[in-house]
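Student: Take this structure first; my questions come after.
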Amino acid sequence: MISYRIRSLDNAIDAASFCCGQAILDEYIRRYAAQDVRRHVARVFIAVPESNPKNLAGFFTLSAGSVNCSDLPESLAKKLPRYPVPVALIGRLAVATDFQGKGLGSILLADACRKVAHASETLAVAGIVVDAKDVAAAAFYRHFGFLTLPGQPARLLLPATAFQD
């Protein structure tokens, strides 16, 4: 079993050869991730094998966002104010092809949820939102309790009650 270390994106990693099978995600980590961090629009976290800390195995991004209460499932919306509510956004989550099928996606998602839960002790969020890139990604998130937002099959939400104490 491979042991991973998850850390913030830094210059020690070589992202040029990262390939996850989704060109848009490959391009993001290669060209735009460091810019997003510098501009304070996203935090990028990378996973590397403990045995090879320069080998980028996967990554995810976190940023702040909001959703209109009217976009939420009715069961959640009825408990919230009728204006946009704050959420954490997992903008991207990807696993390199060499590491797919080994549980790293689940590890990254769990780490993202832990980070949001910790941050939510200081900064209120109603949940975590993700925009799934395809049907398989949407199924992955639903497996972990994310709910599809009405009329938006690619946009999913994990309510705060699922990751907060």
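The values are calculated or read from the model by the stated rules, or taken from the named source; none is laboratory data. Computed from a predicted structure; not experimentally measured. Positions of Cβ are generated from backbone atoms using ideal geometry, with glycine treated the same way; all protein chains shown enter the neighbour counts.
Student: Can you tell me how many residues within region 119-136 are within 25 Å of C20 (Cβ to Cβ) and either of a type in the set (A, V, I, L, M, F, W, C) or part of a loop (DSSP other than H, G, I, E, B) (or both)?
Tutor: 8
Student: Also: S120 - would you say it is of a type in the set (S, T, N, Q) and more than 17 Å from the chain's Cα centre (by Cα)?
Tutor: Details: of a type in the set (S, T, N, Q): yes; more than 17 Å from the chain's Cα centre (by Cα): no.
No; evaluated as a whole, the condition is false for this residue.
Student: Would you check if S75 is free of Cβ contacts under 8 Å to residues at least 12 places away in the same chain, among the hydroxyl-bearing types (S, T, Y) and over 30 Å from R38 (Cα atoms)? Break it down into steps so the answer makes sense when it comes.
Tutor: On the way: free of Cβ contacts under 8 Å to residues at least 12 places away in the same chain: yes; among the hydroxyl-bearing types (S, T, Y): yes; over 30 Å from R38 (Cα atoms): yes.
So S75 fits the description; yes.
Student: Another question, if that's okay. Might you check whether a residue that is under 16 Å from the mean Cα position of the chain (by Cα), of a type in the set (G, A, S) and crowded, with 19+ Cβ neighbours inside 10 Å occurs anywhere in region 5-15?
Tutor: No, that holds for no residue.
Student: Could you say which residue among A139, A88, A94, A64 is exposed (fewer than 15 other Cβ atoms within 10 Å of the Cβ), part of a strand (DSSP E or B) and at pLDDT 95 or above?
Tutor: Numbers: A139 fails: part of a strand (DSSP E or B); A88 fails: exposed (fewer than 15 other Cβ atoms within 10 Å of the Cβ); A94 fails: exposed (fewer than 15 other Cβ atoms within 10 Å of the Cβ).
Unique residue meeting the criteria: A64.
Student: Moving on to the next point. Among the residues in region 108-124, are any surrounded by 20 or more Cβ atoms within 10 Å (Cβ to Cβ) and farther than 16 Å from V44 by Cα?
Tutor: No, there is no match, as no residue in region 108-124 is surrounded by 20 or more Cβ atoms within 10 Å (Cβ to Cβ) and farther than 16 Å from V44 by Cα.
Student: Of all residues being part of a strand (DSSP E or B) and over 16 Å from the mean Cα position of the chain (by Cα) in region 25-61, which is surrounded by the most Cβ atoms within 10 Å (Cβ to Cβ)? Just the residue, please. First the steps, then the outcome.
Tutor: Within region 25-61, the first condition is being part of a strand (DSSP E or B), and the residues that meet it are 43-49, 58-61.
Of the ones still in play, those that are also over 16 Å from the mean Cα position of the chain (by Cα) are 48-49.
On the way: V48: 19, P49: 17.
Selected residue: V48.
Student: For region 67-79: of the residues being surrounded by 14 or more Cβ atoms within 10 Å (Cβ to Cβ) and touching a Leu at 6+ places or on another chain (Cβ under 8 Å), which is modelled with the lowest pLDDT?
Tutor: Within region 67-79, the subset surrounded by 14 or more Cβ atoms within 10 Å (Cβ to Cβ) is 67, 69, 71-72, 76-77.
Remaining after also requiring touching a Leu at 6+ places or on another chain (Cβ under 8 Å): 67, 69, 71-72, 76.
Working: V67: 91, C69: 85, D71: 86, L72: 85, L76: 80.
That would be L76.
Residues are listed down the side, and each one gets a yes or a no for (1) β-branched (V, I, T); (2) free of Cβ contacts under 8 Å to residues at least 24 places away in the same chain; (3) in contact with a helix residue (DSSP H, G or I) (Cβ under 9 Å, 6 or more places away or on another chain):
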position	(1), (2), (3)
D111	no, no, no
V116	yes, no, yes
V125	yes, no, yes
V130	yes, no, yes
A138	no, yes, no
F146	no, yes, yes
L149	no, no, yes
P153	no, yes, yes
